[in-house]
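Reviewing the structure listed below.
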Amino acid sequence: MEDENKTINIKVNENNEITAYAIIGGVSGVDIPVDILPDNFKENFDSKYYLYVDGNIETNPDYVAPEIHL
């Protein structure tokens, strides 16, 4: 698609963890090219699941999924 966004806006905390992202608009973060996103970034996204380090996105080895209490 010609007019598809070529950047995504990510919010990164002091530990390089991505805490939020926006495809349209922004989250007071940094714009990065969508071509560096890992496969299934949107489907797998959870706050702090990914790290933004040296211009790359990688899975956070220290990530712990939040507990869900019903």
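The values are calculated or read from the model by the stated rules, or taken from the named source; none is laboratory data. Just so it is clear, the model here is predicted, and its values are computed rather than measured. Virtual Cβ from ideal backbone geometry, glycine too; neighbours counted across all protein chains shown. Ligands, DNA and RNA are stripped out before the accessible areas are found, and what is left, the full protein with its side chains, is counted by its heavy atoms. Shrake-Rupley method; radii C 1.70, N 1.55, O 1.52, S 1.80 Å.
Output the number of the condition that residue 11 fails; it satisfies all remaining conditions of (1) more than 10 Å from the chain's Cα centre (by Cα); (2) open to solvent by 50 Å² or more (accessible area, probe 1.4 Å).
Only one criterion is unmet by residue 11, namely (1).
Tell me, which residue of the range 14-29 that is of a type in the set (A, V, I, L, M) and touching a Phe, Trp or Tyr at 6+ places or on another chain (Cβ under 8 Å) is farthest from residue 68 (Cα to Cα)?
27
Would you confirm whether any residue within the range 15-29 is among the charged types (D, E, K, R) and either on the phi > 0 side of the Ramachandran plot or open to solvent by 90 Å² or more (accessible area, probe 1.4 Å) (or both)?
Looking for residues that are among the charged types (D, E, K, R) and either on the phi > 0 side of the Ramachandran plot or open to solvent by 90 Å² or more (accessible area, probe 1.4 Å) (or both), one finds none in the range 15-29, hence no.
Name the residue that is nearest to residue 7 (Cα to Cα), counting only residues in the range 54-68 that are open to solvent by 50 Å² or more (accessible area, probe 1.4 Å) and not in a loop (DSSP other than H, G, I, E, B).
56
Kindly indicate the residue of the range 38-53 that is touching a strand residue (DSSP E or B) at 6+ places or on another chain (Cβ under 8 Å) and closer than 10 Å to residue 18 by Cα and also least open to solvent (accessible area, probe 1.4 Å) among those meeting that condition.
Here the residue is 50.
Okay, residues lined up against (1) without any contact (Cβ under 8 Å) to a residue 40 or more places away in the chain; (2) in a strand (DSSP E or B); (3) in contact with a Cys (Cβ under 9 Å, 6 or more places away or on another chain):
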| position | (1), (2), (3) |
| --- | --- |
| 9 | yes, yes, no |
| 15 | yes, no, no |
| 25 | yes, no, no |
| 28 | yes, no, no |
| 32 | yes, yes, no |
| 43 | yes, no, no |
| 48 | yes, no, no |
| 52 | no, yes, no |
| 70 | yes, no, no |
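When residue 11 is evaluated against the numbered criteria (1) within 21 Å of residue 65 (Cβ to Cβ); (2) in contact with a Phe, Trp or Tyr (Cβ under 6 Å, 6 or more places away or on another chain), which criterion, by number, is the only one it fails?
Looking at each condition in turn, residue 11 falls short on (2).
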